[in-house]
């Protein structure tokens, strides 16, 4: 099977006609009616140039598309798309709105055509189009939280309010505000969140303070983590040696220790009290933090 070189959505948007890894010349061009599924050559399809995803991700899970396509991709006509984005050049007949990864997989694994359904109603306006794209991508493979945040921010701009964006995405207002908050992170912390090194809850809390304080708090957390990892390793090695000498294994059901982030913050409370607040909120969540705050207020009044 032929292998294409498409790695990103930006490249996918240009992989048409002679630039396609599959020429599709043997497939007859049929003009499908709106709402009906038809098979068309890849050379007549182009990826959405304004897809909020940065990369295609790993397409190996879609390799079976060579033998069969389970779902048609959803497209809009070139005319409908360019009515929304007149400055975006489109050199194909249809723009794939839902199914860009399937389009990329077809290029990569050598399928010469795809089944499509035309839904120009998705191009009623930019907000409608973007809502459809976000709804398909959220929780899908390779769509990270920073991509989500950027897409949601774009949608808020199109609708004019966060509440309207939440309604159209069928998400809570809290979910929308939490995703938008991630865009206030320093760039390096956004990348750490992408990689999963910085948990989303902690990232949201850090986003509430200035960049320099974010970086300082993150640097301290990293230093503490490294030091604690080394200490834990020494302790584990010593405990393992002691257990081996006694012929004992680990006790099942041993009590779990507190969150490392909370423990680290407690040790530094005198010099950095905000770190404890951030760590506790990350551990307890919004509801738990409110309950804790209520109980603390009661204690302070006594």
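The values are calculated or read from the model by the stated rules, or taken from the named source; none is laboratory data. Small disclaimer: the values here were computed from a predicted structure and weren't measured. Virtual Cβ from ideal backbone geometry, glycine too; neighbours counted across all protein chains shown.
Contact map, segment 50-70: residues that are modelled with pLDDT of 90 or more paired with residues that are part of a helix (DSSP H, G or I), Cβ distance under 6 Å, separation 6+ or inter-chain. Pairs shown: 62/105; 63/109; 65/105; 65/106; 66/109.
Matching residues to (1) in a helix (DSSP H, G or I); (2) at pLDDT 85 or above; (3) touching a strand residue (DSSP E or B) at 6+ places or on another chain (Cβ under 8 Å); (4) more than 24 Å from residue 278 (Cα to Cα):
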residue	(1), (2), (3), (4)
202	yes, yes, no, no
216	yes, yes, no, no
220	yes, no, no, no
226	yes, no, no, no
233	yes, no, no, yes
238	yes, no, no, yes
241	yes, no, no, yes
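Looking across segment 61-87, the residues that are more than 25 Å from residue 123 (Cβ to Cβ) and out of contact with any helix residue (DSSP H, G or I) (no Cβ under 9 Å at 6 or more places or on another chain) come down to 67, 68. Contact annotation: residue pairs with Cβ atoms under 9 Å, 6 or more positions apart or on different chains, pairing a residue in segment 282-302 that is in contact (Cβ under 8 Å) with a residue 24 or more places away in the chain with a partner that is not in a helix (DSSP H, G or I), are 282/199; 282/259; 283/258; 283/259. Residues of segment 177-200 that are within 25 Å of residue 161 (Cα to Cα), surrounded by fewer than 22 Cβ atoms within 10 Å (Cβ to Cβ), modelled with pLDDT of 90 or more and touching a helix residue (DSSP H, G or I) at 6+ places or on another chain (Cβ under 8 Å): 177, 180, 181, 183, 186, 190. Looking only at segment 113-138, residues that are modelled with pLDDT under 95 and under 17 Å from residue 59 (Cβ atoms) come to 2 in all. Would you say residue 96 is touching a helix residue (DSSP H, G or I) at 6+ places or on another chain (Cβ under 8 Å) and buried (at least 21 other Cβ atoms within 10 Å of the Cβ)? Here the answer is yes, as residue 96 does meet what is asked. The one condition from (1) touching a strand residue (DSSP E or B) at 6+ places or on another chain (Cβ under 9 Å); (2) surrounded by 15 or more Cβ atoms within 10 Å (Cβ to Cβ) that residue 166 does not meet is (1).
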